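Participant: Structure provided below as structure tokens; questions to follow.
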Ligand code: AMP
């Protein structure tokens, strides 16, 4: 833990984690540019360390310049941009790659976009080391993202808290009283929320992720997102989902791993709807193990099938989910659960990682039951 002015900060990203994200991003940009020499434009002050390291990892011809804008006072964004200090190069008809240390609300990007459009650039690309998806309220596409991070105030590696902390080689996150930060205790917490369709996993995940500072990954949500956007993954999963069948393991496992990799700075994950087969559970163990992590606990939300089926049919009236509207599809999802997912109870029980709570009650009651279990293993 470190102190800057009146606040305490806890370690969030090591220098080597940052360096791998920077190297990956430099490679992505290099793979994208053709013969044309781009102009990189760093946005000062925050980007100075990032620009320097990015340039060391970027091996193609390029030009470099800096501009200065300021939108932060203290730990909350004021949303106002105070200042622009000049761009000493001609950018007309050139490809400009703006380099930001962090994008949160996106207010700065709006100003930058306007500024460069007025200067008639040929193409404008945005590269940022850190991106806070939960804070982003604009629709300007971001071309290159080093890491997605939770919506927490961070310092270090160029980023400041009231002008201090920029010189730190690592990134620190504001320590809050209520936020459990596994990095404090050197453990990552990875929770598998387990239960039949309709048991309330998604609802509870929304509360638990904030309470314990976890990244929530719902494989059902990721599949639905891909379906809606008609991606290749969505097309591959569609027929299975429409029938209420499980999507094949290989597809699901690689998708899950990609979701975890997208959140390099996470201090824990809440897996919702994954694993659903023994093969997925084994793959998850192997994958987490390769990172020096593991499943901390699997918690099941228990409820009677008939109550759940009624809940899903009710949800289907408003959710628009085809798989919630047809009782035979719902029953098929339960058959899939009983045949392929239920054996996981034994799998995790043998590892002494299986807990279960009564999933019937008000949302708050069920959250309290889950928190009691989680607090218990955090204290151990
Ligand atoms: P859910 O929203 O969790 O009920 O998931 C909706 C549908 O997505 C499921 O019926 C499956 O077709 C698919 N799906 C979600 N998670 C998985 C998983 N771990 N393995 C296989 N299929 C999944």
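The values are calculated or read from the model by the stated rules, or taken from the named source; none is laboratory data. Bear in mind that the values here come from a model prediction, so they are computed numbers and not experimental data. Reconstructed Cβ throughout: ideal geometry from the backbone, glycine too, with neighbour counts over all protein chains shown.
Participant: Can you tell me which residues in the range 252-267 are more than 8 Å from the ligand (Cβ to nearest atom) and either touching a residue at least 12 places away in the same chain (Cβ under 8 Å) or over 22 Å from residue 13 (Cβ atoms) (or both)?
Facilitator: Matches in the range 252-267: 253, 254, 255, 257, 259, 260, 262, 263, 264, 265, 266, 267.
Participant: All but one of (1) modelled with pLDDT under 90; (2) away from the ligand (no atom under 13 Å from the Cβ); (3) more than 16 Å from residue 304 (Cβ to Cβ); (4) surrounded by 13 or more Cβ atoms within 10 Å (Cβ to Cβ) hold for residue 364, so report the exception by its number.
Facilitator: (4) is the only condition that residue 364 fails.
Participant: Do we find that residue 336 is surrounded by 14 or more Cβ atoms within 10 Å (Cβ to Cβ) and either at pLDDT 90 or above or more than 28 Å from the chain's Cα centre (by Cα) (or both) in this structure?
Facilitator: yes
Participant: Residues that are in contact with a strand residue (DSSP E or B) (Cβ under 7 Å, 6 or more places away or on another chain): list the helices (runs of 4 or more DSSP H) wholly contained in the range 229-304 that include at least 2 such residues.
Facilitator: Details: elements: 232-243, 249-261, 278-290.
Filter on the range 229-304 gives 249-261.
Participant: Looking at 141, 133, which is the one that is within 24 Å of residue 38 (Cα to Cα) and part of a loop (DSSP other than H, G, I, E, B)?
Facilitator: When all the criteria are applied, what remains is 141.
Participant: Right, something else. Filter the range 207-226 down to the residues that are within 14 Å of the chain's Cα centre (by Cα) and in a helix (DSSP H, G or I), then identify the one that is farthest from the ligand (Cβ to nearest atom).
Facilitator: 210
Participant: Next question. List every residue pair whose Cβ atoms sit under 6 Å apart, with the two residues 6 or more apart in sequence or on different chains, where the first one lies in the range 333-352 and is within 13 Å of the ligand (Cβ to nearest atom) and the second, anywhere, is at pLDDT below 95.
Facilitator: Cβ pairs passing all conditions: 333/197; 333/244; 337/196.
Participant: So which residues in the range 227-242 are within 10 Å of the ligand (Cβ to nearest atom) and either within 30 Å of residue 12 (Cβ to Cβ) or surrounded by 15 or more Cβ atoms within 10 Å (Cβ to Cβ) (or both), if there are any at all?
Facilitator: 227, 237, 238, 240, 241
Participant: Here is a further query. Quick one: how many residues across the range 12-59 are touching a strand residue (DSSP E or B) at 6+ places or on another chain (Cβ under 6 Å) and outside any helix (DSSP H, G or I)?
Facilitator: 12
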